[in-house]
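Asker: Attaching a single structure in C-alpha coordinates format; questions to follow.
The values are calculated or read from the model by the stated rules, or taken from the named source; none is laboratory data. Predicted model, so just to flag it, every value in this text is computed and none were measured. Because the Cβ atoms are built from the backbone with ideal geometry, glycine has one as well, and the counts that use them run over all protein chains shown. Areas reflect the complete protein model, heavy atoms only, side chains present, ligands, DNA and RNA absent. Shrake-Rupley method; radii C 1.70, N 1.55, O 1.52, S 1.80 Å.
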Amino acid sequence: MLTQMVALCPDRPKGIRDRSVLLLGFCSAMRRSEIAGLNIEDLRLEDEGIVITLPRSKTDQEGQGQTIYIPRGKRPETCPVIATTNWLKLRDAKAGPLYVRVRNGGALGTDHLTPGVIDVIVKTYASQVDALNAYSAHSLRSGLATAAARGGADDRTVMRQTRHTSVESVMGYIRQGTGFKDNVMQFLDL
(Lines give C-alpha, C1' and ligand atoms only; values in the text may rest on other atoms or scores of the structure.)
Protein backbone atom coordinates (compact mmCIF):
# COMPACT_ATOMS: atom_id res chain seq x y z
CA MET A 1 0.00 0.00 0.00
CA LEU A 2 2.85 2.39 0.79
CA THR A 3 4.26 1.78 -2.68
CA GLN A 4 0.91 2.76 -4.19
CA MET A 5 0.71 5.88 -2.02
CA VAL A 6 4.21 7.00 -2.98
CA ALA A 7 3.44 6.43 -6.67
CA LEU A 8 0.65 9.00 -6.37
CA CYS A 9 3.00 11.75 -5.20
CA PRO A 10 3.48 14.15 -8.12
CA ASP A 11 6.97 15.23 -9.19
CA ARG A 12 6.31 18.77 -8.01
CA PRO A 13 7.52 20.36 -4.76
CA LYS A 14 4.55 19.25 -2.65
CA GLY A 15 4.71 15.69 -4.00
CA ILE A 16 8.47 15.51 -3.50
CA ARG A 17 7.98 16.60 0.13
CA ASP A 18 5.09 14.18 0.65
CA ARG A 19 7.08 11.25 -0.79
CA SER A 20 9.84 11.95 1.73
CA VAL A 21 7.33 12.31 4.60
CA LEU A 22 5.72 8.98 3.74
CA LEU A 23 8.90 6.97 3.16
CA LEU A 24 11.05 8.45 5.92
CA GLY A 25 8.10 8.39 8.33
CA PHE A 26 7.40 4.73 7.58
CA CYS A 27 11.00 3.49 7.59
CA SER A 28 11.89 5.37 10.78
CA ALA A 29 8.65 4.45 12.59
CA MET A 30 8.52 7.98 13.93
CA ARG A 31 5.46 9.50 15.57
CA ARG A 32 3.78 12.32 13.67
CA SER A 33 5.10 14.89 16.17
CA GLU A 34 8.63 13.56 15.61
CA ILE A 35 8.28 13.79 11.82
CA ALA A 36 6.87 17.31 12.06
CA GLY A 37 9.59 18.42 14.47
CA LEU A 38 12.56 17.25 12.43
CA ASN A 39 15.20 19.79 11.53
CA ILE A 40 17.62 19.46 8.66
CA GLU A 41 20.49 19.31 11.14
CA ASP A 42 18.88 16.21 12.76
CA LEU A 43 19.79 14.25 9.61
CA ARG A 44 23.21 13.04 8.58
CA LEU A 45 23.67 11.59 5.10
CA GLU A 46 26.14 8.70 4.89
CA ASP A 47 27.03 6.26 2.12
CA GLU A 48 24.82 3.57 3.68
CA GLY A 49 21.83 5.84 4.25
CA ILE A 50 20.53 8.47 6.66
CA VAL A 51 21.18 8.74 10.38
CA ILE A 52 18.48 10.63 12.26
CA THR A 53 19.10 11.97 15.73
CA LEU A 54 15.90 12.73 17.59
CA PRO A 55 16.75 15.22 20.31
CA ARG A 56 13.66 14.22 22.33
CA SER A 57 10.75 11.81 21.97
CA LYS A 58 7.89 10.29 23.92
CA THR A 59 10.13 7.53 25.26
CA ASP A 60 13.09 9.89 25.84
CA GLN A 61 11.68 12.62 28.04
CA GLU A 62 15.13 13.44 29.47
CA GLY A 63 16.31 14.49 26.02
CA GLN A 64 19.30 12.16 25.80
CA GLY A 65 18.55 11.70 22.11
CA GLN A 66 17.71 8.65 20.06
CA THR A 67 19.40 7.54 16.86
CA ILE A 68 17.51 5.99 13.96
CA TYR A 69 19.29 4.40 11.02
CA ILE A 70 17.61 4.44 7.61
CA PRO A 71 19.45 2.25 5.09
CA ARG A 72 19.03 2.75 1.37
CA GLY A 73 16.03 0.99 -0.14
CA LYS A 74 16.17 -1.75 -2.74
CA ARG A 75 14.19 0.22 -5.35
CA PRO A 76 14.76 3.89 -6.25
CA GLU A 77 11.03 4.68 -6.33
CA THR A 78 10.56 3.59 -2.70
CA CYS A 79 13.97 4.43 -1.25
CA PRO A 80 13.58 6.77 1.74
CA VAL A 81 17.14 8.02 1.28
CA ILE A 82 16.57 9.05 -2.35
CA ALA A 83 13.19 10.61 -1.51
CA THR A 84 14.63 12.61 1.36
CA THR A 85 17.74 13.63 -0.58
CA ASN A 86 15.48 14.91 -3.38
CA TRP A 87 13.49 16.92 -0.84
CA LEU A 88 16.67 18.30 0.75
CA LYS A 89 17.90 19.48 -2.67
CA LEU A 90 14.61 21.27 -3.23
CA ARG A 91 14.55 22.58 0.35
CA ASP A 92 18.02 24.10 -0.28
CA ALA A 93 18.81 25.01 3.32
CA LYS A 94 21.55 24.02 5.73
CA ALA A 95 19.45 24.25 8.90
CA GLY A 96 15.91 24.75 10.11
CA PRO A 97 12.70 22.78 9.72
CA LEU A 98 12.98 19.76 7.43
CA TYR A 99 9.33 19.66 6.40
CA VAL A 100 7.72 22.97 5.57
CA ARG A 101 4.59 24.13 3.83
CA VAL A 102 4.58 24.21 0.03
CA ARG A 103 2.47 27.07 -1.30
CA ASN A 104 0.64 27.08 -4.61
CA GLY A 105 3.26 27.67 -7.25
CA GLY A 106 5.89 25.73 -5.29
CA ALA A 107 7.20 28.43 -2.93
CA LEU A 108 8.41 26.92 0.35
CA GLY A 109 7.43 28.17 3.79
CA THR A 110 9.82 28.54 6.69
CA ASP A 111 7.96 26.97 9.64
CA HIS A 112 7.67 23.31 10.65
CA LEU A 113 4.61 21.44 9.43
CA THR A 114 2.33 20.59 12.33
CA PRO A 115 1.65 17.00 13.42
CA GLY A 116 -1.89 17.52 12.10
CA VAL A 117 -0.57 18.27 8.61
CA ILE A 118 1.54 15.08 8.71
CA ASP A 119 -1.70 13.25 9.53
CA VAL A 120 -3.50 14.91 6.60
CA ILE A 121 -0.70 13.93 4.20
CA VAL A 122 -1.01 10.26 5.19
CA LYS A 123 -4.82 10.31 5.12
CA THR A 124 -4.90 12.00 1.71
CA TYR A 125 -2.75 9.42 -0.05
CA ALA A 126 -4.10 6.45 1.89
CA SER A 127 -7.68 7.32 0.99
CA GLN A 128 -6.73 7.27 -2.69
CA VAL A 129 -5.49 3.66 -2.52
CA ASP A 130 -7.78 2.13 0.12
CA ALA A 131 -11.34 3.40 0.49
CA LEU A 132 -12.28 0.68 2.99
CA ASN A 133 -9.98 1.53 5.89
CA ALA A 134 -9.16 4.69 7.79
CA TYR A 135 -5.45 5.45 8.09
CA SER A 136 -3.55 8.14 9.97
CA ALA A 137 0.03 9.19 10.56
CA HIS A 138 0.25 6.49 13.24
CA SER A 139 -0.28 3.99 10.41
CA LEU A 140 3.27 4.73 9.24
CA ARG A 141 4.66 3.64 12.62
CA SER A 142 2.37 0.65 13.08
CA GLY A 143 2.70 -0.27 9.41
CA LEU A 144 6.47 -0.56 9.67
CA ALA A 145 6.21 -2.84 12.71
CA THR A 146 3.51 -4.95 11.06
CA ALA A 147 5.32 -5.25 7.71
CA ALA A 148 8.62 -6.09 9.42
CA ALA A 149 6.93 -8.81 11.50
CA ARG A 150 5.30 -10.25 8.38
CA GLY A 151 8.72 -10.27 6.75
CA GLY A 152 10.16 -12.29 9.63
CA ALA A 153 11.81 -9.61 11.78
CA ASP A 154 12.14 -10.60 15.42
CA ASP A 155 10.85 -8.52 18.35
CA ARG A 156 14.24 -7.00 19.13
CA THR A 157 14.82 -5.83 15.56
CA VAL A 158 11.38 -4.24 15.36
CA MET A 159 11.84 -2.59 18.76
CA ARG A 160 15.21 -1.13 17.75
CA GLN A 161 13.56 0.76 14.90
CA THR A 162 10.31 1.68 16.65
CA ARG A 163 12.14 2.55 19.88
CA HIS A 164 9.51 0.77 21.97
CA THR A 165 10.81 0.18 25.48
CA SER A 166 8.76 -2.92 26.24
CA VAL A 167 7.99 -6.08 24.33
CA GLU A 168 4.32 -5.78 25.37
CA SER A 169 4.00 -2.45 23.53
CA VAL A 170 5.33 -3.79 20.25
CA MET A 171 3.61 -7.20 20.47
CA GLY A 172 0.28 -5.80 19.28
CA TYR A 173 1.88 -4.87 15.98
CA ILE A 174 3.80 -8.12 15.68
CA ARG A 175 0.72 -10.25 16.41
CA GLN A 176 -1.11 -8.25 13.80
CA GLY A 177 1.70 -8.82 11.30
CA THR A 178 2.04 -12.55 11.83
CA GLY A 179 -1.60 -13.49 12.36
CA PHE A 180 -1.79 -15.70 9.28
CA LYS A 181 1.74 -17.05 9.51
CA ASP A 182 1.73 -17.98 13.17
CA ASN A 183 -1.78 -19.41 13.40
CA VAL A 184 -3.33 -22.48 14.99
CA MET A 185 -4.80 -23.43 11.59
CA GLN A 186 -1.37 -24.66 10.49
CA PHE A 187 -1.82 -27.56 12.91
CA LEU A 188 -5.23 -28.59 11.63
CA ASP A 189 -6.02 -30.87 8.75
CA LEU A 190 -8.64 -28.61 7.18
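Asker: What part of the accessible area of region 112-167, given as a whole %, is carbon or sulfur when the probe is 1.4 angstrom?
Answerer: Using a 1.4 Å probe with all protein chains present, region 112-167 comes out at 56 percent carbon and sulfur.
Asker: Could you work out how much longer the chain between K123 and R44 gets when fully extended? Use 0.36 nm per residue separation minus the Cα distance between them, nm to one decimal.
Answerer: Computed gain between K123 and R44 is 25.6 nm.
Asker: Amide H of G73: which non-local residues (sequence gap of 5 or more, or other chain) have their own amide H closer than 5 Å, using H built in the peptide plane?
Answerer: Residues meeting the criterion, in which the H sits 1.01 Å from N, are V81, I82.
Asker: Which whole-number percent is the relative contact order of region 75-146 (Cα, under 8 Å, 6+ apart)?
Answerer: 16
Asker: Turning to a different aspect of this structure: Taking 0.36 nm per residue of separation and subtracting the Cα-Cα distance, what length does fully extending D130 through N86 add?
Answerer: Gain on extension, D130 to N86, equals 13.2 nm.
Asker: Another question, then. For a quick protection proxy, order the peptides 26-32, 37-43 by their average other-Cβ count within 10 Å, most packed first.
Answerer: 26-32, 37-43
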